[in-house]
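Accompanying notes for the structure given below.
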Amino acid sequence: MVEIRKIVFAGGPGTGKSETIRALGRQGWHCLHEISRQIILEAQTEGISQLFLKDPLLFSQKLLKGRIQQYRTAEKLSGEVCFFDRGIPEISAYMEFQNEAVPDRFIEANLEHRYDQVFIFPIWDKIYTSDNERYETLGEAKKIDLFIRKSYKNLGYNLVEVPHAGVEARIDFILNHINYAFSK
């Protein structure tokens, strides 16, 4: 059995990653969706409006557990490609953005769970909006983007920047790049 290629959509908040991955899912691709909103909503039902701001380590631990589970799920899938809406290295990036120490287990997870390709969705002022779970200002989102890029680059990933374009154009760009990159 051929190991499934793990493709990450990375980048700051509000850049169109989730919309693009949902569209890929509708086309029949394996897609694992962002789980941070689920963690935020669960905390809100317990009366914690922003768990990441209140207890960044607890939030990050829950996120790490979920993203490792997603990684393991992808390894069991049949097919050629699985798309991830965010990867494990972004947890460390957000912690660093909040000036939190990154525990060794997070660093180890970054090294142990490697992805085959990382597509970075750049900040796009035109489409950025905040909402109940996305509380960051546009300025904060731009800073987070820098931390995310640094996190992946420090782990040796080559980031492929997705152009500002409509969802279908972004999908075409990604699929064409994947076909080229993996046909070598």
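The values are calculated or read from the model by the stated rules, or taken from the named source; none is laboratory data. What you are looking at is a predicted structure, and each value in this text was computed from that prediction instead of being measured. So basically every Cβ, Gly included, is an ideal-geometry build from the backbone, and we count neighbours across all protein chains shown.
Residues being of a type in the set (K, R) and surrounded by 17 or more Cβ atoms within 10 Å (Cβ to Cβ): count how many of those fall in region 1-34.
Going through region 1-34, the residues of a type in the set (K, R) turn out to be 5-6, 17, 22, 26.
Imposing the further condition that a residue be surrounded by 17 or more Cβ atoms within 10 Å (Cβ to Cβ) reduces the set to 5-6, 17.
Residues flagged as of a type in the set (K, R) and surrounded by 17 or more Cβ atoms within 10 Å (Cβ to Cβ) within region 1-34 amount to 3.
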Every residue from region 35-61 that is crowded, with 19+ Cβ neighbours inside 10 Å and under 23 Å from L77 (Cα atoms): S36
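Among I148, I171, which is the only one that is modelled with pLDDT of 95 or more, surrounded by 13 or more Cβ atoms within 10 Å (Cβ to Cβ), within 25 Å of E75 (Cα to Cα) and out of contact with any Asp or Glu (no Cβ under 8 Å at 6 or more places or on another chain)?
Testing whether each residue is modelled with pLDDT of 95 or more, surrounded by 13 or more Cβ atoms within 10 Å (Cβ to Cβ), within 25 Å of E75 (Cα to Cα) and out of contact with any Asp or Glu (no Cβ under 8 Å at 6 or more places or on another chain) leaves just I171.
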Of all residues in region 62-121 being hydrophobic (A, V, I, L, M, F, W, C) and free of Cβ contacts under 8 Å to residues at least 12 places away in the same chain, the one that is surrounded by the most Cβ atoms within 10 Å (Cβ to Cβ): V102
